[in-house]
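Values quoted throughout were computed directly from the atomic coordinates according to the rules given, and no laboratory measurement underlies them. Everything numeric here is computed off the predicted structure, so don't read it as measured data. FYI the Cβ positions are ideal-geometry reconstructions off the backbone, even for glycines, and counts take in every protein chain you see.
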Amino acid sequence: MESKKDGAVYPELLSISAVYDTNGDAVNYVAIAKDITSVKQNERTINQLSFYDSLTCLPNRKMVLEHVEEILTKRKTPSTNAPKAHKSQLFGAILFIDLDNFKNINDTKGHPIGDLFLQQVAVRLSECMEDRSMVARFGGDEFIVVLTPSNLEKIQAKHEENIIHKIQSALSSPITLNEESFDVSSSIGFAEIDHITHTAADVFKNAELAMYEAKAAGRSQICYYSVRMQEKLLSKMNLELALRDAITNDEFELYYQPQFDRLGNIQGVEALIRWFHPTQGLISPMQFIPLAEESKLIISIGDWVIRTACLQLKKWQTSSNLQHATISVNVSALQFSQDDFVTSVEAILREIDVPPKQLQIELTESMLVADKEIIAHKMGELKQLGIQFSLDDFGTGYSSLSYLQKLPFDQLKIDQSFVRGLSSHDEDSSLAFAIAAMGSSLGLEVIAEGVETQAQLDLLKQCGCDLFQGYFLGYPVPVSELENRFSQRDR
Ligand SMILES: [Mg+2]
C-alpha cells in the first residue's frame, strides 16, 4: 500500500531490477511502481460475480458449497490442541429452505414483483444469522442456511432464541410489495454434518430430500433428514426399477369391474390394472400409479392397458353374454397429452380389429384444466374413430360447465364421494340428483360408481342414473371370474 499526495491510500505493484556494470557488479536499482487500484477493483468485481448472487447479494451456490467443503476439510484435520472429535459430534448442519408460494407470485404478478419478493426474503433471512452462520441463495426460490455447532447447541437446548425459531418467525409474516401483501410460506429440510458425512453434495442432497418431505407433509413444515427417509427413497427407486420391467415380465393384469343398467343387465366393465410383483405380491395401484406418472412409465403402461382391453374385446366378440359390453379404460393426463396418442390408439384398433364404440376412454375432470383447445381437438379425432368418452370423478374438480358442454363426452361418472353418504344425508342425495339431472339434460349417460348398498342403489335409481358400478354389484375381478359369472344362465 502507498499513499497519494492527498493522503489517499492505494495498492501499488512494485518491481525492482538491478543494473550491472561490465564487471557484473550491481551499480543501480530501478524501481517501477504501478498503481493497481483498478486491477484490485476488477478482482473484487470478479469475486463478487462468481461467489455472490446478483439479485440478493447473498453468497451463491458455489460459495456455500465451498463453505461446507471447508467445514468438512477442517473436520478431517483437527488442530493438534483441539479435543478429539466425538462420534456424535456435529460440525454443523444445513437448512434447505424452499418457498412454497413463489411460483404463484411470479406467474400472477410477474418477475419484477417476484424479484422484489426474493430480495425481501433474503433480507429477512440475513437478519436471523448469528456469529458464523451463513445464508446463501441456492437458486430460484431456494435458500441455504449453514448452521454452526453453536447454533446447534442452542437448538438442542431448545433455547428460545435459536436460529430456526428466528427463521420461522421471520418467514411467518406477510411481505408487502406495491401496497399488496404476500404470504411467505416455506418448507425447510434439515441435514447434519457429522463424522460420517462424506461430501458437501451429500449434505445438500439429504437436506433437499428432507425439504421434499416437508412439502409432502403439507408445506410450512420443517423435516429432519433421517436414514429412514433415505431407505424410503431407496425402496421407491427399487420399485421404479421393477416397474420398468413389469410389462416385459408380464406382471400386469387387468381386472374388470362390471357396470349394470337399471334392469340389472351388464352393460360394460371398467378395466383396472393390477401389478403382481414377483416377490412383493400384489402392489396397490395407489402405490405404483403415482410412481409411474412421475417416471413417465405411465405412457407405456397406459398403452399396454388399451391394447390388453382391445384384445379382450376381440375375444368377447364371440361370447353370447359379453359380446356387446364396453370396456372403459382410465387414461392419464400424461398419456393423453402425448402427440401420438390418437395415432397409437388408432393403430391398436386397426391391428386388433374391434368395434371402436366398445372402447371407452375415461378422462378425469382435473385433466381438463390444461390446454383446452388441444384436448377438444384430440377428443374430436378419437370420437371420429368411434371411441366413447366418459368423464370420470365428476364433481371433484372445478371444470366450467359451459366448457364441458363443448367436449364430446358420452358419459358422466358421478364420483363415489357423492355416493358414499347417500343413504344418510339429504344434501348428498340432492347433489347426486342435481348431477344426474344435469348430465341427462346435456344428453349424457350418467353412471354412479362406488355403489355399496341396496339403499344407495335405490336412491341413485330415483335420481335417474342410467348405470351403476360398485362393490354391492361386483368387485373388480380377473377376466376368468367375470366370464364365469356371466356365463351362468341364472343371472
Ligand atoms: Mg375410473
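Things worth noting here:
- Cut-off under 5 Å, modelled amide H: who pairs with Tyr52 long-range: Asn60
- Among the GluC sites (Glu not before Pro) in segment 159-222, those placed in a DSSP loop whose Cβ has at most 11 other Cβ atoms within 10 Å are Glu160, Glu161, Glu179.
- Of the trypsin sites (Lys or Arg not before Pro) in segment 159-256, the ones in a loop by DSSP (not H, G, I, E or B) with at most 14 other beta carbons within 10 Å are Arg219.
- Sorted by Cβ neighbour density within 10 Å, fewest at the top, the residues Met438, Met211, Met134: Met438, Met134, Met211
- Distance (nanometres) between label positions extended 7 Å along Cα→Cβ at Asp340 and Gln48: 5.3
- For Thr326, the residues 5 or more places off, or on other chains, whose built amide H falls under 5 Å of its own are Gly268, Val269.
- Between Asn484 and Thr453, the simple spin-label model (points 7 angstrom out along Cα→Cβ) gives 3.0 nm.
- Partner aspartates and glutamates whose Cα lies under 20 Å from the Cα of Lys236, excluding those fewer than 8 positions away in the same chain, are identified as Asp202, Glu208, Glu213, Asp245, Glu251, Glu293, Glu294.
- Three principal axis extents of the chain based on alpha-carbon atoms, in descending order, are 123, 56, 49 Å.
- Against the main long axis of the alpha-carbon atoms of the chain, helix 285-294 sits at an angle near 50°.
- For segment 169-218 versus segment 438-482, the gap between their alpha-carbon centres in whole angstrom: 46
- Within segment 340-442, the chymotrypsin sites (Phe, Trp or Tyr not before Pro) that combine a DSSP coil assignment with at most 10 other C-beta atoms in a 10 angstrom radius are Tyr398.
- Ignoring lysines fewer than eight residues from Lys406 along the same chain, the ones with Cα atoms less than 19 angstrom from its Cα are Lys372, Lys378, Lys383.
- Residue pairs, from the table Lys62/Lys296; Lys314/Lys357; Lys357/Lys413, whose Cα atoms sit over 21 Å apart: Lys62/Lys296
- Normalised by the number of residues in segment 2-43, the mean separation of alpha-carbon contacts (under 8 Å, six or more apart) gives a relative contact order of 36 percent.
- Stokes-Einstein translational diffusion, segment 2-43 - Kirkwood Rh over all Cα pairs, 1.567 mPa s, 4 °C, in µm²/s: 105
- Gain in span if fully extended, Lys34 to Lys372, counting 0.36 nm per residue against the direct Cα distance: 114.9 nm
- Segment Asn238-Asp25, length gained on full extension (0.36 nm per residue, minus Cα span): 68.8 nm
- Sorted by Cβ density within 10 Å, fewest first, the residues Trp304, Trp316: Trp304, Trp316
- Approximating the spin labels as points 7 Å out from Cα along Cα→Cβ, the Ser181-to-Tyr224 distance works out to 3.4 nm.
- Angle of helix 227-246 to the longest C-alpha principal axis of the chain, folded into 0 to 90 degrees and rounded to 10: 50°.
- Stokes-Einstein diffusion coefficient of segment 235-487, Kirkwood radius over Cα pairs, 4 °C, 1.567 mPa s, in µm²/s: 69
- Rounded to 0.05, the FRET efficiency of the Gln89 and Asp261 pair, given R0 = 51 Å and the Cβ-Cβ distance, is 0.10.
- Annotation: extensible slack from Asp245 through Ser300 equals 18.7 nm (criterion: 0.36 nm per residue apart, minus Cα-Cα distance).
- Highest-first packing order for the peptide set 56-65, 342-351, 442-451 is 442-451, 56-65, 342-351, based on the mean count of other beta carbon atoms within 10 Å.
- Helix 341-352 axis, angle to the chain major axis (alpha carbon atoms, nearest 10°): 40
- Each Cα pair of segment 1-157 feeds into the Kirkwood radius, which the Stokes-Einstein equation turns, at 25 °C and 0.890 mPa s, into a diffusion coefficient of 121 µm²/s.
- Rounded to the nearest 20 debye, the dipole magnitude of segment 235-487 is 360 debye, with +1 charges on Lys and Arg beta carbons, -1 on Asp and Glu beta carbons, and the Cα centre as origin.
- Efficiency of FRET between Thr279 and Ala217 - r from beta-carbon atoms, R0 35 angstrom, step 0.05: 0.70
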